[in-house]
Each structure stands twice: as structure tokens, then as C-alpha cells.
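Inspection log for the structure reproduced underneath, given as C-alpha cells.
Taken together, the values in this text are just the output of simple stated rules run on the coordinates, not laboratory data. Just so it is clear, the structure is predicted and the values come from calculations on it, not from any experiment. With ideal geometry, Cβ positions are generated from the backbone for all residues, glycine too; neighbour counts draw on all protein chains shown.
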Amino acid sequence: MAVIKHCSRGFSLDLPGKDSWRFKEAGSDGVGLVSPEEIAIIQRQSNKAGDLQLATSYFRNMDIVLIEGRNTIKGIPKVQLLRKGVAERVAIPVEELAAVVSDFDVDIPRPVFRFNQINEIANFLEKEAHREESRVVLEIDGTVIPLNPFVQSVFENMLLGIVQSLKDIQPNPQKITLGVIRRNKKDETL
């Protein structure tokens, strides 16, 4: 599992005077911090990457990626948090709502948890992640392109047909990754 946390006022992993801070201050567009147990990447945003792009770029192998505070992203399941006196109304369309976590009773056709039900919430999220339907991710030049269910199905079936025709491929593969890096070609017309 991974979490994308939004920091509207910015953040800093670097300490002034450290080498990573100096590299960034000198104009480096990216700095990687590596230890035996952890990595961190600080990268300047030139194209204002979206949450889905961050999730698919950096957390590709995670079963669950929680994106905090972004209930307007279409097409991904959401968990609404409600608190008496703070947020008392479900604001997410029911078709995108996976569950509600609340400190008061809520009448909605989705699972409702209390904030202290940590194990139950974790089990629910894990079950939902494994129940997920097929997913096709298209990324072009670093930008994730949203695909509707029909287009995802076309890509999946086309690629599955090609892959299954190859020699020594196990039946029913669960994850297929294909990357195409195009070389700049000069116009070869006569």
C-alpha cells in the first residue's frame, strides 16, 4: 500500500546545507535519496503531474494507493470521511463511493465504518483491491491518459490475443507490461 499526501503549502525533505539540498539549489531537476531501507525522489514538477500519473509512475507495483483529499478524480473508488460538525454529508457520487468512515450513523447503500475500525477498514480495502476489474494504463510521454471501460477492454483483448499467440507463454497471464520507445525517424517518403 502507498499513500499520496497533498501538501498545499509545500514540503521539504532536504536540510539546508546537505548535498541533496545543494544539488536542488544548483538547479537539478531531480534528486534521489537512497539508504539501505528507503528511497526518496524530489523532482521539480514541470507539467503538474496528476495524482493518477504519480500513482502509476511511482507506485506501479502497489495493490492499494490512497490519494488523500482528491475526491474530484473521476473513475476511481473513493472512501468518504464524515465527522459530526465538520463534514456531515456524502459529497461523492454513489457510483464512485466504495465506503464511508464516520463518527455518526449514515444511511447509504455502501459499507459504513467507524474511525476506530482500523482492521475492518484495512480488510475491506484489501478485498476491494483484489476484486478490482481489469485495468489498462496508457502513458504517453509521462502523461497518464484516462481510458473509458470500452477502450480498456479493446486494448486488453487485443494485447491478450497477441501475447497468447506467442510461444512458451503461460495461459491466462494476470499482468502484461508493454513499453514502446520510439526513436525519432526522419521522413522516409520518396
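Length gain on complete extension for the stretch N123 to K74, per 0.36 nm per residue less the alpha carbon to alpha carbon distance? Don't jump to the answer; show the numbers that get you there.
Details: separation 49, 0.36 × 49 = 17.64 nm, distance 2.40 nm.
Full extension of this stretch gives 15.2 nm more.
Once Lys and Arg get +1 and Asp and Glu get -1 on their Cβ, which of I169, A91, F115 lies farthest toward the positive end of the dipole of the chain?
My answer, from the dipole projection, is A91.
Tell me, in nm to one decimal, what length is gained between K167 and A2 on full extension, where the rule is 0.36 nm per residue of separation less the Cα-Cα distance?
55.8 nm
Quick one: if the Förster radius is 25 Å, what FRET efficiency do S20 and E88 give, using the C-beta to C-beta distance and rounding to 0.05?
In this case the efficiency is close to 0.05.
With a cut-off of 8 Å between alpha carbons and a minimum separation of six or more residues, what is the relative contact order of the chain in percent? Before the final figure, lay out the partial values.
Numbers: 152 pairs, mean separation 26.6, N = 190.
Over the chain, the number comes to 14 percent.
For an R0 of 45 angstrom, estimate the FRET efficiency from the Cβ-Cβ distance between D107 and N184 and round to the nearest 0.05.
Details: r = 59 Å, r/R0 = 1.30.
Efficiency, rounded to the nearest 0.05: 0.15.
Restricting to DSSP H runs of at least four residues, report the calculated mean residue ellipticity at 222 nm for the chain, -39500 (n - 2.57) per run over all residues, nearest 500 deg cm²/dmol.
After summing the helix terms and dividing by residue count, I get -7000 deg cm²/dmol.
About its Cα centre, what dipole magnitude does the chain give when the only charges are +1 on Lys and Arg Cβ and -1 on Asp and Glu Cβ, stated in debye to the nearest 20? Write down the numbers at each step before the final one.
Details: 25 positive and 26 negative charges, 89 e Å.
About 420 debye.
Share of antiparallel DSSP beta bridges in the chain, in percent to the nearest 5?
45 percent
For each of K78, K127, count neighbouring Cβ atoms within 10 Å of the residue's Cβ, then give the residues from fewest to most.
K127, K78
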